[in-house]
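*Asks:* Have a look at the structure that comes next, please.
Since every read-out is calculated from the coordinates, none of them should be taken as a lab result. All figures in this text were calculated on a predicted structure; none of them were measured in a lab. Heads up, the Cβs are rebuilt from the backbone with ideal geometry, glycines too, and the neighbour counts pull from every protein chain shown.
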Amino acid sequence: MADTVTGTIPEYVLFDMDNTLYDFYFAKTRSCEAVADLVGCGEGMELFRYFMSGTHGFEHHNNIRDFMGDRGIFEPHLYEEACAVYEEVKLASLALYPGVEETLRLLADAGVSMAIVTDAESPQAEKRLAATRVRDYFAGVMTPDQSGVRKPKPEMFHAAAAILKCSVHEAWLVGDSPKREIEPGNLLGMTTVYAKYGDWIGIPYPRIRPHYTLQSFSDLQDIMHLKK
């Protein structure tokens, strides 16, 4: 359950996307497994570690190129097929966490203005929101290719708040990362909501304290006094 309950419904809410609205870790590992099966070499988690290394970034297909090259199996045609399979399986594996669609609908019905703030690039973000069929709930999507920065830079959150035509301190922020969302949100005077259920990394940060902690997305309904 959430830590405490507020008495009012917020006017503005910024949501992280990956691992807050849906299990992106699952989709990512499934897509890496599919690539490993296709190329007939290595394990899915081995490829996943290439994406985690930071060499090319968490989304870049060059991670697949390196994975294949290090195993001596790189061929242009197979690489292109692997990239296509990776993207197809990743999108197909996205599924909203329980209660997400219902809670977003209740927020929309209550007149809450919502936007996405994500480190995914715009094309990737739009594809995921379309695949999970929640894009229409959000007034806009703020991404690094639009803002010029990534989380936890404060400019990212100011740019996202501008979509809703509000000051950053007027908005609530819901996300699964203590370092990239909760800490900067606190410093900016936002009301922060930690989506603990989606924090698959699970590194404890005892000094970073959100205003609320979610064990499930549906906890927002009680925190925000939403009428079901």
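*Asks:* Please report the net charge: other residues with Cβ closer than 14 Å to the Cβ of residue 140, K and R +1, D and E -1.
*Replies:* Result for the local shell: -1.
*Asks:* Tell me which DSSP H helices of the chain clear both cut-offs, 20 Å or more of axial length from alpha-carbon atoms and a mean Kyte-Doolittle hydropathy of at least 0.0.
*Replies:* Correct list, ordered by number: 24-39.
*Asks:* List the trypsin sites (Lys or Arg not before Pro) within region 161-209 that DSSP assigns to loop and that have no more than 12 neighbouring Cβ atoms inside 10 Å.
*Replies:* Listed in order of number, the matching sites are 165, 207.
*Asks:* Grab the other residues whose beta carbon is less than 11 angstrom from that of residue 102, score K and R as +1, D and E as -1, and report the net.
*Replies:* Within the 11 Å Cβ shell, the charges total 0.
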